[in-house]
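Bear in mind that the values in this text are calculations on the coordinates, not laboratory data. Note that the coordinates shown come from a computational prediction; the quantities given were computed from them, not determined experimentally. In this analysis, Cβ positions are derived from the backbone assuming ideal geometry, glycine residues included, and neighbour counts consider all displayed protein chains.
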Amino acid sequence: MSGIIGLQLENIKKIKAVRIEPKNNVVEICGRNGQGKSTILDSIWWVLKGKDNIQQMPVRKGEEKGLIRLELDKFIIERKFKVDKDGKDYSTTITVSNKDGAKFSSPQAVLDSFTGLLGFDPLAFSRMDSKAQYNTIRKNAKFDTDIDAIDAQYKSLFEKRTDINRDAKRLAAQAEGIVVENAPEKRVEISALMADLSNAQETNSKVERAKVALDNFTSKKTALQNKIKELEAQILSAKSDIENVDVDIRRGLEFIRVNKPVDTTAIEAQINQADTLNKAFDLKQQKAALIEQQKQSEEESEQLTVRMDALQEQKQRAIEAANLPVKGLGFGDGELLFNGIPLAQLSAAEQLKLSMDIACAENPDLKVILLKDASLLDSESLEYIRKRADETGYQIWMERVDTTGATGFVIEDGELQAQEE
């Protein structure tokens, strides 16, 4: 199916009566603002898509009826409008017939079978923000998988992984900040050392007391020996005392022989170093725990990355299965991507080319593309569109502000004042 052979409007919005028969692939609808140029392009969409796609009252003010007639190579389509008695609403009927005059019983179904996304305006699409572009393509894509759910799950995993990586870095920094020097393999048991010191001190106290007692016993023996000379009468008693003292002396000597003095220097030194060593040990344990937590966080982050990659692969398979209109077109986080690059980062020329590619892909049967606000295009863009029309065989209808009458169909005061040659 080629483009439009003829378009006829009667009492549609600002148009009184107009008939256009294009001769070229690029159909320029020109004129001053407010003369009815936009109505020409709107009428093509209305006649094919019906009342649900008409934004407001289509019949010219003051008239009761309106008509749009569209002639294609295989079909003739007529959509008639009638204003209700109260003038606030309208009804519409449509007939679709072939060239032989035979009418179809389900006219709208016939039109829907070949019209595609005719209302897609490449210029309007290229000027949309990222979110609007995303919603336009997303609305018309058919997915077997819930892409929004995948995006939400991916975003949740991404945020969780970000938090975990932040914690891993924090743990690594804390572990790095702990300096461990001469840490023992286990904590020093100060209570055991204190018990050893107490026992040693008690032993030393006994030894000292024994020495003092020994000195006393020796002095006493000497005194007694002297007293023997003086007190012969008390020799027997003194000898008995001497024997008793000798026993004590032998016990004292034996105790001193068996119980040598204990050097407490090493124990005291260990006690003095215990706090330092235990602090070093605790730091060593703390650092090891932080490193282990860091390792666990990094492992969890890697697992999340694997899950995120799997979600991206699932999303990519769903996008590929959806048969988007242009190869390389995909969905990012609330924005469209082309070959992995956000559309906003494409040049104006690249965006226009992509928009035209989408329009062509969405209308493979009825090769018609509608461009509003084409006056905003520079000369290079206009030349590209004309060249593209010639190369693809698409019929491109453009609305432009131009009062010279040099090109295209000129609309003035709702009527056709000049047409292309």
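Quick notes
- Across 155/315; 13/80; 23/353; 37/88, pairs whose alpha-carbon gap is larger than 22 Å: 23/353; 37/88
- Of 61/372; 99/139; 49/103, pairs whose Cα-Cα distance is over 29 Å: 99/139
- Between the residues 172, 270, 253, the greatest Cα displacement towards the positive end of the dipole of the stretch 150-290, with unit charges on the Cβ of Lys, Arg, Asp and Glu, is found for 172.
- Degrees between helix 37-49 axis and first principal axis of the chain (Cα, 0 to 90, nearest 10): 80 degrees
- Considering only beta bridges that DSSP places wholly inside the chain, some 75 percent are antiparallel.
- Separation of the stretch 72-95 from the stretch 353-403 is 28 Å, based on Cα centroids.
- Principal-axis tilt of helix 235-258 within the chain, Cα atoms, nearest 10 degrees: 30 degrees
- For the chain: relative contact order, % (alpha-carbon pairs under 8 angstrom, 6 or more apart): 32 percent
- Positive minus negative residues near residue 325 (Lys, Arg vs Asp, Glu; Cβ under 10 Å): -1
- Using alpha-carbon coordinates, inclination of helix 190-230 to the longest axis of the chain, degrees: 10 degrees
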